[in-house]
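Report on one structure; see the data block that follows.
The values are calculated or read from the model by the stated rules, or taken from the named source; none is laboratory data. Please read all numbers here as calculations on a predicted model, not as lab measurements. With ideal geometry, Cβ positions are generated from the backbone for all residues, glycine too; neighbour counts draw on all protein chains shown.
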């Protein structure tokens, strides 16, 4: 019996275990050799205390504790963004009947990049041996979070022994980049109209307006088959739809660390990209993303809310870990397949080499839109603005996310 109880105790508490046994043994020997009421009372008291301390290790119920974690996010969109506060509650149930005074809880919260952080709390079990804890996590950072091991511990009424157990309550949540609502971007509207009157058909899609009938091509969907025309001619015919021009947009985020002043400036770049993705998605235009980080990712421009959400998911994990400068990234051969598209470049760089790359994009029949992450007080602003306007390159100078909608809605930097 003693061996079983000993094994259930942590190694650092085993000397205390033997100390309690020695005290009980001494009181028992005192009764055995001395006798009397005093010795009897001492044996009874030490036996009760020793039994309580030793049996608590086995029947406290802490080893079989169960729990349930509940998130109580106050965001009406049920979407957490950088800087938000996250609220959660955890309910616990301890089986058994042995009285325990308190339960200490240590939660491990693991960020995909920043590592592990421990949150400590406690509760006093009620009559039904249940309890709950709730706390808030402030100033969340962009990325994915998951809860690791939950450590539960309790002590006896004399605060001599501590009994621990671990509990797995797997749950996770994601924190998206901070975004700001863009009501209107006149430049996009102008660019869209310019593309719609272009004679090029490479960047066009079909509307639902029927423009005629053509021969059936193997692979056409059944919904495109013109059954009436097919019945009259005896051969399969397909519907011809009126083509509609498509404005393709590609966002490129500079991920070269040496170009940024600090992490805050890079988070601004990610937030600008996320805000533009949300705006373009609402306009039902194809949007893509080029992320030249440690692992280069290239998402071709495609329409759809699901696809834009996929781009936002990618932004959770981007960092200043790129091996390519923005100048080298703009030489990527995949850009040649997007001729006629709008390329939005977000970077704090303002070098001559970048200026020549922007001119080179125009020669490739791409339309660069340069978002310069720089303070308005930058002494190079006027000269840089003059050079870009001389080449008719659209640019915006942004130093905070709050200024983004104002700059874009004015239609000029």
Among (1) out of contact with any helix residue (DSSP H, G or I) (no Cβ under 6 Å at 6 or more places or on another chain); (2) in contact (Cβ under 8 Å) with a residue 40 or more places away in the chain - the single one residue 359 does not satisfy: (2)
Take residue 162 and tell me if it is touching a strand residue (DSSP E or B) at 6+ places or on another chain (Cβ under 6 Å) and modelled with pLDDT of 90 or more. no
Could you list, in sequence order, all residues of region 285-303 that are under 12 Å from residue 321 (Cβ atoms) and either crowded, with 17+ Cβ neighbours inside 10 Å or not assigned by TED's automatic domain parsing to the domain that holds residue 342 (or both)? 291, 292, 293
When you look at residue 188, is it over 14 Å from the mean Cα position of the chain (by Cα) and within 30 Å of residue 403 (Cβ to Cβ), yes or no? yes
Subset of region 221-239 (residues that are exposed (fewer than 15 other Cβ atoms within 10 Å of the Cβ) and either part of a loop (DSSP other than H, G, I, E, B) or modelled with pLDDT under 75 (or both)): 221, 222, 223, 234, 235
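Going through region 165-190 one residue at a time, which ones are touching a strand residue (DSSP E or B) at 6+ places or on another chain (Cβ under 9 Å), closer than 24 Å to residue 281 by Cβ and not in a strand (DSSP E or B)?
Of everything in region 165-190, those that are touching a strand residue (DSSP E or B) at 6+ places or on another chain (Cβ under 9 Å), closer than 24 Å to residue 281 by Cβ and not in a strand (DSSP E or B) turn out to be 177, 178, 179, 187, 188.
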Among the listed residues 408, 388, 404, identify the single one that is buried (at least 19 other Cβ atoms within 10 Å of the Cβ) and closer than 15 Å to residue 354 by Cα. 388
Are any residues in region 300-314 in contact with a helix residue (DSSP H, G or I) (Cβ under 9 Å, 6 or more places away or on another chain) and under 21 Å from residue 175 (Cα atoms), and if so, which ones? 305, 307, 308, 309, 311, 312
Out of curiosity, is residue 150 touching a helix residue (DSSP H, G or I) at 6+ places or on another chain (Cβ under 7 Å) and part of a strand (DSSP E or B)? no
